[in-house]
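First up is the structure itself, then whatever we jot down about it.
The values are calculated or read from the model by the stated rules, or taken from the named source; none is laboratory data. These figures come from a predicted structure and were not determined experimentally. All Cβ positions, glycine included, derive from the backbone under ideal geometry; neighbour counts span all protein chains shown.
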Amino acid sequence: MKKFSWLAILLAFTLVAAACGSDAADDAAGSDDAAESDSGSDDAPAEEEAMEDDDAMEEEDDAPAEEEAPAEEEVDLNQGSDLTFHMITHSDDGPFWSVVKRGMDAACADVGVNCVWMPGNNDPGQMVSDIETAIGEGSAGIAASLPSPDQLIGPLQGAVGEGIPVYTLNSGLNDYQTIGATTHIGQSEDVAGQGAGNRFNDLGATTVLCARQEQSNVGLEERCGGLADTFSGTVIDEFVGLDADQTEQINGIKAVLEANPDIDALLGVGPVIAMSGLAAAQDLGRDLIIGGFDMTPELLDAIEAGDIAFTVDQQQYLQGYLPIVLMYLEATNANQAGGGQPVLTGPGFVTPENAGAVKALSAEGTR
């Protein structure tokens, strides 16, 4: 009985040992499988990670493109591209006004607005019609010269009454506030004429013909009035013919010179008429001290050569450029420049000393 017990114990021990051996084998097999599994994970996950990294890089590469899509809106530098401004002047499209228009065109391109150039060719009636057209088209702003205030103030007041901002340019310094215009852009014609008078005093003139190319332009009359304010001698103020017919203009000047032998100086209140004065004096063999207003290449050549003493520079490029920029800022940002006072663009003076430098800029069309 005792022997049987030991046999039973021995048999039980054997079974336990076999069971333990089976577990060890299973563990070893499991280790081999795990090793094979680990060996596979060295390859497959690496490829998956590489693919994931490539996908991430592609997503990163794509993301900025998607984020930059709104940047296309930044191309809308022309925030006011739906705005249309009208510039209505007494322009005859001569050399002076071509620079004004060039200034306007540059400003329109710079701020991205539509602009309509409406030259009146020294006809106030045409300007009135153009103002009415601009109002009818719903202009976002009107920039207008004011050569004939009595005919133009009313229509421009009508534009203001319709809620259209108005800026005067070139002429209109004394009347822009009556219109209700935001400001005036130009020079003080009185002050410019006074400066010319002082220069004639310094040059020793005694009798000056102030030659005008328009009959009813108040700005030109103010230039001659300013000349009379400061010139210590005699001023003869005459309309002598339009720039559009320079032959007639030269003949008109010659007639005044022949009737007044004491005239020893001439102020042409524009660039073309100053050159007409030089031609008239040369035809008559008269030695005149000649001054002008504004610039053309021919006038600058004559100043550089010493044939003309000076010209008054009102920087007309600014008179075309600034109104557009200021109307744009008023329309888009509620800005108003000037503080109730005019924005002055002159006067300055071109003489033989600085004519060469100014000629280079004039050749580029900006002076």
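Worth pointing out:
- Scanning the stretch 312-331 for residues that are buried (at least 24 other Cβ atoms within 10 Å of the Cβ), closer than 30 Å to MET118 by Cα and of a type in the set (Val, Ile, Thr) turns up at least one hit.
- Failed item, numbered, when PHE293 is tested on (1) in contact with a strand residue (DSSP E or B) (Cβ under 6 Å, 6 or more places away or on another chain); (2) over 23 Å from MET87 (Cα atoms); (3) hydrophobic (A, V, I, L, M, F, W, C): (2)
- Top-ranked residue in the stretch 106-133 [being touching a residue at least 60 places away in the same chain (Cβ under 8 Å) and assigned to a helix (DSSP H, G or I); ranked as farthest from MET327 (Cα to Cα)]: PRO124
- Any hit, the stretch 63-84, residues being at pLDDT 85 or above, within 30 Å of LEU300 (Cα to Cα) and either of a type outside the set (A, V, I, L, M) or not in a helix (DSSP H, G or I) (or both): no
- Unique match (being touching a residue at least 24 places away in the same chain (Cβ under 8 Å), under 34 Å from the mean Cα position of the chain (by Cα) and closer than 21 Å to GLY197 by Cβ) among PHE239, PHE293: PHE293
- Qualifying residue in the stretch 334-342 (condition: touching a residue at least 12 places away in the same chain (Cβ under 8 Å), of a type in the set (S, T, N, Q) and in the same structural domain as THR178 (by TED's automatic domain parsing)): yes
- Members of the stretch 206-238 found to be among the acidic types (Asp, Glu) and not in a strand (DSSP E or B), listed by number: GLU214, GLU221, GLU222, ASP229
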